[in-house]
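A.B. asks: Dumping the structure here so I can ask a few things about it.
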Amino acid sequence: MNSTYKESPVTDLPYSERQFLIINNKIEKSNSFSNIFDDLVREVDKPYILKYVIPLLGPALFRLPVIVAFGVGLGIRELQKMKKMENLLVINPEEAKVLEFPPGHPKKGVFYIAHPVDPKRYYTAAQFHRLAFEHKFGEAISLLMSLGAKKIQVEHKKGWNQEFSSNINLDIPLKNIDIKGETKFNKKRNNSLLFEATLEGETEPSLPNNLVWYHHEPTWQQISNGRLNHGLKEFSLAVSYEDDFGVNADLKKKIHSCKFELGGSFVAHQDTVWRIVGEF
């Protein structure tokens, strides 16, 4: 087989080459499925089908009838569907160790999607939108707490609403909450208020570690600059999630047609904007 494997770590690849990911323990180095397919076609008279294709696609696809069908060309069509996913990257479990996955993952046969701005983080296709938005919202809250927010209110503008917000896990350290303070989700259907909190506030405003969304949000940066350098007392920022990153119904159908697993019940994208207002 022609060796065209990627020598760079997965995290160093452009987003377009690592956005979609599957794990397979039969390959030596990470490679796009398109390259693997081309090598198989060029070397079709050699035993690479048994060595690479069957372990790659798994028993769910290569039951006996499909193996027989491959001999008459029907199996090629399934492979061609995957070849069209030019940004589908195949890596082995050793390479996956540098990445971050949801608890219990990674698993063979599950289709993963790269976090939009954090190169180490991958989500299952099913939960990509929910977890990506939750992560962005959580970072915004973490930023405001580190800057010394004393009051926070989250208002729904469009998209995911009260039911969605009630299932979000917020990382609010107890040391940052006044004993008399409170955090609560408002579930009144006719009220745009999703969340409100009263906190003690930091004595020394600072930026939290490991920010990733922040570097792509000019408004967030302006608020932090105003707080750190100019004594800003009130804030208003938006947490918007309006790009589906190509993770939509069409991709879901492709994943199913290629016999990969979504990793749960698929959560469809919604154009969402939540506004966070409050005071330091």
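A.B. asks: Tell me, which residue of the stretch 230-280 that is over 27 Å from Glu217 (Cα atoms) and of a type in the set (Ser, Thr, Tyr) is modelled with the highest pLDDT?
C.D. replies: Applying the filter and picking the extreme gives Ser265.
A.B. asks: Which members of the stretch 12-27 meet the condition of being hydrophobic (A, V, I, L, M, F, W, C) and part of a loop (DSSP other than H, G, I, E, B)?
C.D. replies: Leu13, Ile27
A.B. asks: Another one. Name every residue in the stretch 230-267 that is within 14 Å of the chain's Cα centre (by Cα), of a type outside the set (D, E, K, R) and surrounded by 14 or more Cβ atoms within 10 Å (Cβ to Cβ), in order of residue number.
C.D. replies: Tyr241, Phe245, Val247, Leu262, Gly263, Phe266, Val267
A.B. asks: Moving on to the next point. Which of the residues belonging to the stretch 107-120 are open to solvent by 10 Å² or more (accessible area, probe 1.4 Å) and not acidic (Asp, Glu)?
C.D. replies: Across the stretch 107-120, the qualifying residues are Lys107, Lys108, Gly109, Pro116, Val117, Pro119, Lys120.
A.B. asks: Could you list, in sequence order, the residues of the stretch 197-220 that are surrounded by 15 or more Cβ atoms within 10 Å (Cβ to Cβ) and in a helix (DSSP H, G or I)?
C.D. replies: Tyr214, Trp220
A.B. asks: Within the bounds of the stretch 121-135, is there any residue that is closer than 12 Å to Ala238 by Cα and open to solvent by 10 Å² or more (accessible area, probe 1.4 Å)?
C.D. replies: no
A.B. asks: For a quick check of your reading: which strands (runs of 3 or more DSSP E) sit entirely within the stretch 84-160 and have at least 3 residues that are more than 22 Å from Asn210 (Cα to Cα) and modelled with pLDDT of 90 or more?
C.D. replies: Output list reads 151-158.
A.B. asks: Mind listing whichever residues of the stretch 113-126 are over 16 Å from Asn87 (Cα atoms) and under 8 Å from the mean Cα position of the chain (by Cα)?
C.D. replies: Hit for the stretch 113-126 is Arg121, nothing else.
A.B. asks: I want to confirm something. Restricting to the stretch 268-280 and keeping residues that are touching a helix residue (DSSP H, G or I) at 6+ places or on another chain (Cβ under 8 Å) and surrounded by fewer than 19 Cβ atoms within 10 Å (Cβ to Cβ), which single residue is nearest to Lys158 (Cα to Cα)?
C.D. replies: Gln270
The values are calculated or read from the model by the stated rules, or taken from the named source; none is laboratory data. Values in this document were obtained by computation on a predicted structure and should not be read as measured data. Neighbour counts run over all protein chains shown; Cβ positions are idealised from the backbone, glycine included. Areas reflect the complete protein model, heavy atoms only, side chains present, ligands, DNA and RNA absent. Shrake-Rupley method; radii C 1.70, N 1.55, O 1.52, S 1.80 Å.
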